[in-house]
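What follows is a set of notes on a single structure, which appears directly below.
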Amino acid sequence: MENGITGKVVAITGASSGIGEATALLLAAQGAKVVLGARGPERLAALAARIAAAGGEVAYAPTDVRQRADVDKLIQLATSRYGQLDVLISNAGVMPISPLDDLRVADWEDMVDVNLKGVLYGIAAALPLFRQQGFGHFVNTASTAAHKTVPNQAVYSATKFAVRALSEGLRQEAGAHLRVTVISPGFVHTNFADGVTNPEVKAQLEAARDAMALPPAAIARAIAFAIAQPASVDVGEIIVRPTAQG
């Protein structure tokens with residue numbers, strides 16, 4: 001039975017863990033040809049082997065979205081291996097949040113470089129290809145922090161507001177043949193707290209995560225839903241929030 005996903009070529013950044021890993025597994029199981037990029041080569045290779053062992057079609061390349069050339073190579077891998085690219089999921093993200101008074105400028109720069117510039121590099125790599133093909137779908141991971149700012153998350157939230165604004169601008173410019181979807185998850189049970197350099201904030205995040213976080217598979221299902229829609233349907237944004245009970 002046609003599910004809207006089988007046979008589609010889908011590139012995913014930040015694919016080796018969390019939302020990216022769950023999405024790769026789900027889409028591959030539903031018949032997509034997945035092209036995986038992430039900074040951790042060992043985890044990336046292990047995930048690709050797992051997908052291949054289950055009968056899925058997979059290619060992968062170590063990808064640091066802070067490097068435009070890496071993102072270009074990931075898109076080129078998709079087209080050289082499978083002849084086209086149907087979907088680019090720009091999912092790589094970091095969250096080393098802290099109070100602004102901490103002046104952790106290196107963390108601020110990392111969030112801008114990964115969360116925002118990584119999405120821009122994905123657009124730069126895939127948009128000309130999508131125009132040439134006459135089809136393509138951008139799926140950009142933002143956050144509920146793209147809708148509301150809270151203490152300690154000012155810079156992170158700013159990058160996610162920017163991703164949401166960028167995606168909306170891209171959607172308005174895309175025309176009839178390209179699609180753009182923003183996925184805005186709430187708390188998700190991933191390793192995001194590992195990069196938090198402020199010990200107090202890290203402890204708070206870990207406690208909140210353990211109390212109420214969504215499983216990554218829930219976000220993967222939202223992404224799969226958006227991709228599965230027919231070409232005539234443009235799912236502009238999906239917000240996935242945890243319940244108060246988790």
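Data table
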item: Unit charges at the beta carbon, dipole of the chain: most positive-side option, HIS137, LEU36, MET212; result: HIS137
item: Charge dipole (debye, nearest 20) of the chain; +1 at Cβ of Lys and Arg, -1 at Cβ of Asp and Glu; result: 500
item: Quarter of the Cα convex hull surface for the chain, i.e. its orientation-mean projected area (nm²); result: 12.7
item: Amide H partners (placed H, <5 Å) of ILE89, local residues excluded; result: ALA11, ILE12, THR13, VAL139
item: Degrees, to the nearest 10: 199-212 long Cα axis against longest axis of the chain; result: 60
item: LEU103 - accessible surface, heavy atoms, 1.4 Å probe, Å² rounded to 10; result: 120
item: Sequence-distant residues sharing a close amide H with ILE238 (under 5 Å, placed H); result: VAL182, ILE183, SER184
item: All Cα pairs of region 1-71, percent lying beyond 16 Å; result: 41
item: P(r), alpha carbons of region 125-246 - 10 Å bins starting at zero, rounded %; result: 13, 38, 31, 15, 4
item: For region 62-126, diffusion coefficient by Stokes-Einstein and Kirkwood Rh (Cα), 4 °C, 1.567 mPa s, µm²/s; result: 101
item: Candidates MET212, MET111, MET95: whichever shows maximal mean-square fluctuation once the chain is modelled as a Gaussian network with Cα springs under 10 Å; result: MET212
item: Ordering of 16-23, 31-38, 232-239, 157-164 by burial proxy (mean other Cβ atoms within 10 Å per residue, highest first); result: 31-38, 16-23, 157-164, 232-239
item: C-alpha long axis of helix 118-133 to longest principal axis of the chain, angle in °; result: 20
item: Nearest-ten-degree value, helix 18-29 long axis tilted from longest Cα axis of the chain; result: 20
item: Rounded accessible area per residue of the chain, 1.4 Å, Å²; result: 44
item: Sequence of ASP107, ASP101 from largest to smallest accessible area, 1.4 Å probe; result: ASP101, ASP107
item: Over 22 Å (Cα to Cα) - which of LYS73/LYS117; LYS73/LYS160; LYS33/LYS160; LYS33/LYS73; LYS8/LYS160 fall in this group; result: LYS73/LYS160; LYS33/LYS160; LYS8/LYS160
item: For region 80-96, 3J(HN,Hα) per residue [Karplus equation, 6.51 cos²θ - 1.76 cosθ + 1.60, θ = phi - 60°, Hz, x = Gly/Pro]; result: 6, 7, 10, x, 6, 9, 8, 9, 10, 9, 8, 10, 4, x, 10, 9, x
item: Local electrostatic count, GLU57, Cβ distance below 12 Å [Lys/Arg +1, Asp/Glu -1]; result: +3
item: Measure of compaction for region 106-165 (Cα Rg per 2.2 N^0.38 Å); result: 1.29
item: Region 1-142 shape via C-alpha gyration tensor axes, a/c threshold 1.5; result: prolate
item: Sulfur and carbon atoms: percent of accessible area, region 137-206 [1.4 Å]; result: 53
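The values are calculated or read from the model by the stated rules, or taken from the named source; none is laboratory data. Computed from a predicted model, the values in this text were never measured in an experiment. Quick reminder, even Gly has a Cβ in these numbers, built from the backbone with ideal geometry, and neighbours come from all protein chains shown. Just the protein is used for accessible areas: all its heavy atoms, side chains included, with ligands, DNA and RNA removed. Shrake-Rupley method; radii C 1.70, N 1.55, O 1.52, S 1.80 Å.
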